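Okay, structure first, notes after.
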Amino acid sequence: MLGGYVVEPDGSTRDFAGQTIFFSFNRFRDEICKTGHCFVCGAAPSKWFNNEHVFPNWMLRLCGIHGETLTLPNGQRVKYGTYKIPCCQGCNTKLAEIFETPVSKVIQGGYDGLIAYIKAGGYEQIAAWLALIFLKSHLRDFQNRVSLDQRQDLGVIGDDYDLNELHHIHAVARANTAGVDIDDKVFGTLVVLQVAPDAKPIAFDYCDNLAGRSMLLQIQDIALIYVLDDCGATAGMLSEQLKTLPDPISQIQLREVYARHLAANFHIKERPVFRTEFSGPDGRPRISATLPNLELLDYQPSVFGGLLAGVLEDFADMFTVDGESGAGALRIISTGRVSFLFDENGDVRSS
């Protein structure tokens, strides 16, 4: 027992009211990921589940995409409005109170309103909310089959995931629901940009990378890039390179900014170490981080190039590179020698 908390044999921790404060790795893997327990409190599936949208309901309404579909890695198309993960009614309501109601008001206030909110101290809430979306996106892959052919039992997409990092992100995303404090240095790099209007504006866009623990979320003209586990390191790594950007920025350029942050995170040699501990005079649970000296791997242009080509695949018919479009353009981009942000002299391109 720790103060007012009980440590279970598997390493999980609960308070005297029975609320789980910390999920052990094994319990997170077996119950939350593989068995479909409520991802917030850990309750077993029951009739009291109404489940949680991966992308919040208010966001789907705002962007008008309830009936639109997203394409999964296995090629299956699923409507955004039906894309959910297991969650009990009580936790669904709690998530709305903590995150969705206040964040939706901020986002609907536009780019300037979001910037003002972050400057006024809302950074940590926005960061935790983005971690929540990232978490839900990857937990959903434990329902998504590898093969759409029912005759082939190849398991689910999530079977191949390294869950150690997702375990930490789960702890951060649900911390506010369990009364767990989070040290400031635990949060990652957050970039907020305004996207240029387009003749055919994309009201919503999302991509992420579990191995690189990074995500891009666009809601109308607001774009958020978040590196979840770098403790702010990529911001410093890219501060000089990205100090001047197109304003506003095009969607292809936005994908490049995302790819540059993703590549920077891949080049960090030694990762921060995160833990949930019970310390201080009140013994409250807290997620903390131990930061090693920042050392970088030797820069590999092909790492950045491969990531950039990957995130631009859906746009490949919209541009030409050295006279090539489509797959040919992507092959050139994958060398890491192409930029939509900067010209050959290093000057910023227009949007």
Quick one: what are the phi-derived ³J(HN,Hα) couplings along the stretch 133-138, Karplus 6.51/-1.76/1.60 with θ = phi - 60°, whole Hz, x for glycine and proline?
5, 4, 4, 4, 4, 8
Taking Rg/Rh (Cα atoms, Kirkwood Rh) straight from the coordinates, which label in (i) 1.03; (ii) 1.34; (iii) 0.96 is the correct one?
(iii)
With a 1.4 Å probe and all protein chains kept in place, how much accessible area does Met318 have, in Å² rounded to the nearest 10?
120
Farthest toward the dipole's positive end in the chain, which of Asn144, Gly328, Tyr226, given Cβ charges of +1 (Lys, Arg) and -1 (Asp, Glu) about the Cα centre?
Asn144
Carbon and sulfur atoms: what percent of the 1.4 Å accessible area of the stretch 1-115 do they account for?
51
Counting Lys and Arg as +1 and Asp and Glu as -1, what is the net charge of the other residues whose Cβ lies under 12 Å from the Cβ of Leu216?
-1
Determine the sum of side-chain charges near Met237: Lys and Arg each +1, Asp and Glu each -1, restricted to other residues whose C-beta is under 10 angstrom from that of Met237.
-1
Over the heavy atoms of Asp322, what accessible area does a 1.4 Å probe trace out, to the nearest 10 Å²?
130
How charged is the neighbourhood of Leu291? Take every other residue with its Cβ under 14 Å from the Cβ of Leu291, and add Lys/Arg as +1 and Asp/Glu as -1.
-2
Counting only protein heavy atoms and leaving out ligands, DNA and RNA, the solvent-accessible surface of Cys231 at a 1.4 Å probe, in Å² to the nearest 10, equals 30
Test item: Cα-centred dipole of the stretch 260-311, Lys/Arg +1 and Asp/Glu -1 on Cβ, debye
140
Loop sites in the stretch 284-339: GluC sites (Glu not before Pro), DSSP, at most 13 other Cβ within 10 Å
Glu295
So with the 1.4 Å probe, I'd like the accessible area per residue for the stretch 254-295, rounded to whole Å².
46
For the stretch 20-168, accessible area per residue (1.4 Å probe, heavy atoms of protein chains only), Å²
46
Under a 1.4 angstrom probe, counting protein chains only, how are Thr320, Thr244 ranked by accessible area, largest first?
Thr320, Thr244
Spatial separation of Cα centroids for the stretch 33-59 and the stretch 219-273, in angstrom:
30
Taking the alpha-carbon distance from Lys119 and a cut-off under 17 Å, which aspartates and glutamates remain once sequence neighbours fewer than 8 residues away in the same chain are dropped?
Asp184
In whole percent, and with a 1.4 Å probe on the protein chains, what portion of the accessible area of the stretch 238-351 is carbon and sulfur?
45
Using unit Cβ charges (K, R positive; D, E negative) and no other charged atoms, how large, in debye to the nearest 20, is the dipole of the stretch 283-334 about its Cα centre?
520
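The values are calculated or read from the model by the stated rules, or taken from the named source; none is laboratory data. Here the structure is a predicted model, which means the values were calculated and not measured. Reconstructed Cβ throughout: ideal geometry from the backbone, glycine too, with neighbour counts over all protein chains shown. Remember, those area values only see protein heavy atoms, side chains included, never the ligands or the DNA or RNA. Shrake-Rupley method; radii C 1.70, N 1.55, O 1.52, S 1.80 Å.
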